[in-house]
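Trainee: My questions all concern the structure below.
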Amino acid sequence: MQQGTGSVADTAELASRLRFGITRLARRLRQQAEPGITPSCLAALATIAAHGPMTIGDLCAHEQVQPPTMSRVVASLVTSGLVERSPDPLDRRIAWVRVTPEGERVVRRSRRRKEAYLAKRIRALEPEQVALLERAAGILERLVEGAP
């Protein structure tokens, strides 16, 4: 793999521009998310949907939040009927959470809304810009691989 040839200052400027652009894009995508559910709840719901039934401890590790925070998030999701919480049959101190069918629908709807927003924006670009974004998507995926 070829190493970048830019100076440290160029790299810092690029990092700043990427941070700014990615942060604003993430904000816009959050605005397109399913109404009536907080970003924290939607993130936890999507994690549970992606990884299947999991303990609250595992969910804390995935979302990088403390157990009291996750307990509040899970309680909200349970109250909304988006997840089910059940005690572990062997250790009653451990709680398992799984997505309900309604929770699955919420995750799918939210993803479709966000992807439709991006698709509309991408369709307004020039073909060369779309090609560049295709290459950039792969690079961004590599940047986050294995990231804490």
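Trainee: Put a dot 7 Å past each Cα toward the Cβ at L140 and H51; how far apart are the dots in nm?
Mentor: 2.3 nm
Trainee: Which residue, G36, G81, G138, tops the fluctuation ranking in a GNM of the chain built on C-alpha contacts under 10 Å?
Mentor: G138
Trainee: With springs connecting C-alpha atoms under 10 Å apart, model the chain as a Gaussian network and identify which of A15, A43, A61 has the largest mean-square fluctuation.
Mentor: A15
Trainee: Relative to the present Cα-Cα distance, how much length would full extension add between R92 and K120 at 0.36 nm per residue of separation?
Mentor: 5.3 nm
Trainee: Further question on the same structure: Fully extended, how many nm does the chain gain between L25 and T11 (0.36 nm per residue separation, minus their Cα-Cα distance)?
Mentor: Once the chain is fully extended between L25 and T11, it gains 3.0 nm.
Trainee: Here's a follow-up. Quick one: what are the phi-derived ³J(HN,Hα) couplings along the stretch 27-43, Karplus 6.51/-1.76/1.60 with θ = phi - 60°, whole Hz, x for glycine and proline?
Mentor: 3J(HN,Hα) across the stretch 27-43, in whole Hz: 4, 4, 5, 4, 5, 8, 5, 4, x, x, 9, 6, x, 5, 5, 5, 5.
Trainee: For L132, project a label point 7 Å along Cα to C-beta. Then give me every residue of the stretch 11-48 with its amide nitrogen under 14 Å of that point.
Mentor: Flagged as within label range: 18.
Trainee: Based on alpha-carbon centroids, what's the gap between the stretch 1-61 and the stretch 66-127 in Å, whole number please?
Mentor: Centre-to-centre distance over Cα atoms comes out at 15 Å.
Trainee: Now a separate question. Can you list residues from other chains, or at least 5 along the same chain, whose modelled amide H is less than 5 Å from the amide H of M54?
Mentor: Here V97 satisfy the definition.
Trainee: From the gyration tensor of the Cα coordinates in the stretch 9-144, what semi-axes in whole Å does the equivalent ellipsoid have, largest first, with each one equal to sqrt(5λ)?
Mentor: Sorted largest first and rounded, they come to 34, 18, 13 Å.
Trainee: Roughly what angle does helix 67-79 make with the longest principal axis of the chain, taking Cα atoms, 0 to 90 degrees, to the nearest 10?
Mentor: 70 degrees
Each value in this text was obtained by applying a stated rule to the coordinates, not by laboratory testing. What you see is a predicted model, and the numbers here were worked out from it, not measured in a lab. FYI the Cβ positions are ideal-geometry reconstructions off the backbone, even for glycines, and counts take in every protein chain you see.
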